[in-house]
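Visitor: Right, I'll just put the structure down here and ask away after.
The values are calculated or read from the model by the stated rules, or taken from the named source; none is laboratory data. In this text the structure is predicted, and so the values were computed from the model without any measurement. Note that each Cβ is placed from the backbone with ideal geometry, even for glycine, and that neighbours are counted across all protein chains shown.
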Amino acid sequence: MEILQTEDRGGEVIIDKYYDGIRFPANIPGNVKDQLVSVKNLKHTKGDVFLDTFPKTGTHWAYEILYMLQTGKAEYSSDPFMCLEFQATDRLDAFEGPRVLKSHLYPQHIPKFVEDGKCKVVYIYRNPKDTAVSLYSFIKRVNVNGLKGYNGTWEHFFEIFATKPMHYNSWFEHVKAWLDFKKENAEIPILMVSYEDMKKDLRSCVKKMAEHLDVKRNPEFLDEVANKCQFNVMSKAQRSNVKETTLSKDGSNPFYRKGGVGDWKNWLTVAQNEMYDAMLQEKMADIDLEIKYTL
């Protein structure tokens, strides 16, 4: 494992732990390797669902939906698990379930039982422009060991996001890795859902997730889940979540922002957008997904 520092043009630094070709946030426990071995050997529990995302692409949002579908109760989780790479796995092994296991991991580091096709997988993806804005807001607000003190400007942060590897390398690499994994492992039940589709028609996405999980829930229950998990409703309910508000500098919940689509237009300059669009044209050639930047 190496400690890598990425310095922006203003001198602000983002710190990563580098292991096995991936840059991980510095707050991952220990030397990374031991944590990933622990994740790889996580015990399988009947009813497990594995949720994977690139950071700031709807992780908490999808988690609550899947949790409600699995438990059959339209109630928010009172104690949501952290992403696997930050979680003590002995706690997870002791939990009877049903479990929704979330992570930002690449396929090479997921639990062995997921590779073996023993559980359903859901991958949420979001357009990279809104992802960049949301990630910038998060790392400015969050206050945990290894992820505190970044005060760079949007301009300097976006340069790093667009041109250099940082947490989990890059949006492009992460999405491509999961697309390739899905193609190469047709026997593993993987559902890919876009953040933008969830914003446009959450009820349809809830139904699609329920069908993927093969849980029998009546239409009225799906309506209730969709209503409770509308982003503005859920973020308001989670605004005072003490376990999450204590992770921010200002007492707000750093995991929830606007939850919109197209807010990047208020952040990217014309020059930034033109530069990134040219990069997108090249990088998206190997990504067989429809990416929506507006609704």
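Visitor: Being closer than 25 Å to A285 by Cβ, crowded, with 18+ Cβ neighbours inside 10 Å and more than 16 Å from the chain's Cα centre (by Cα): is that true of F221 here?
Guide: The answer is no for F221.
Visitor: For the stretch 59-69, state whether one or more residues are in contact with a Leu (Cβ under 9 Å, 6 or more places away or on another chain) and at pLDDT below 90.
Guide: No: zero hits.
Visitor: Name every residue in the stretch 85-114 that is of a type in the set (V, I, T) and closer than 18 Å to H174 by Cβ, in order of residue number.
Guide: Scanning the stretch 85-114 gives I110, V114.
Visitor: Of all residues being under 25 Å from E173 (Cα atoms) and part of a loop (DSSP other than H, G, I, E, B) in the stretch 43-55, which is modelled with the highest pLDDT? Just the residue, please.
Guide: F54
Visitor: Now for a different question. Looking at I160, I188, can you tell me which residue is crowded, with 18+ Cβ neighbours inside 10 Å and within 22 Å of M209 (Cβ to Cβ)?
Guide: I188
Visitor: Restricting to the stretch 78-118, name every residue that is assigned to a loop (DSSP other than H, G, I, E, B), surrounded by fewer than 18 Cβ atoms within 10 Å (Cβ to Cβ) and at pLDDT 90 or above.
Guide: Across the stretch 78-118, the qualifying residues are D116, G117, K118.
Visitor: Right, next: When residues of the stretch 163-222 are filtered for being closer than 16 Å to H104 by Cα, part of a helix (DSSP H, G or I) and touching a Lys or Arg at 6+ places or on another chain (Cβ under 7 Å), how many remain?
Guide: So the answer is 2.
Visitor: Name the residue that is modelled with the highest pLDDT, counting only residues in the stretch 119-162 that are of a type in the set (S, T, Y) and in a helix (DSSP H, G or I).
Guide: Within the stretch 119-162, the match that is modelled with the highest pLDDT is T131.
Visitor: Moving on to the next point. Which of (1) assigned to a helix (DSSP H, G or I); (2) modelled with pLDDT of 95 or more; (3) within 15 Å of the chain's Cα centre (by Cα) is the odd one out, the single condition D34 does not satisfy?
Guide: Single failed check for D34: (3).
Visitor: Here's a follow-up. Return yes when V39 is in contact with a Leu (Cβ under 7 Å, 6 or more places away or on another chain), farther than 24 Å from F158 by Cβ and either touching a residue at least 12 places away in the same chain (Cβ under 8 Å) or of a type outside the set (S, T, N, Q) (or both) and no when it is not.
Guide: Spelling it out, V39 is indeed in contact with a Leu (Cβ under 7 Å, 6 or more places away or on another chain), farther than 24 Å from F158 by Cβ and either touching a residue at least 12 places away in the same chain (Cβ under 8 Å) or of a type outside the set (S, T, N, Q) (or both).
Visitor: Any idea which of N273, N232 is of a type outside the set (V, I, T), at pLDDT 95 or above and closer than 23 Å to Y136 by Cα?
Guide: The unique qualifying residue is N273.
Visitor: Can you name every residue in the stretch 48-74 that is surrounded by fewer than 18 Cβ atoms within 10 Å (Cβ to Cβ) and without any contact (Cβ under 8 Å) to a residue 60 or more places away in the chain?
Guide: Hits for the stretch 48-74 are T71, K73.
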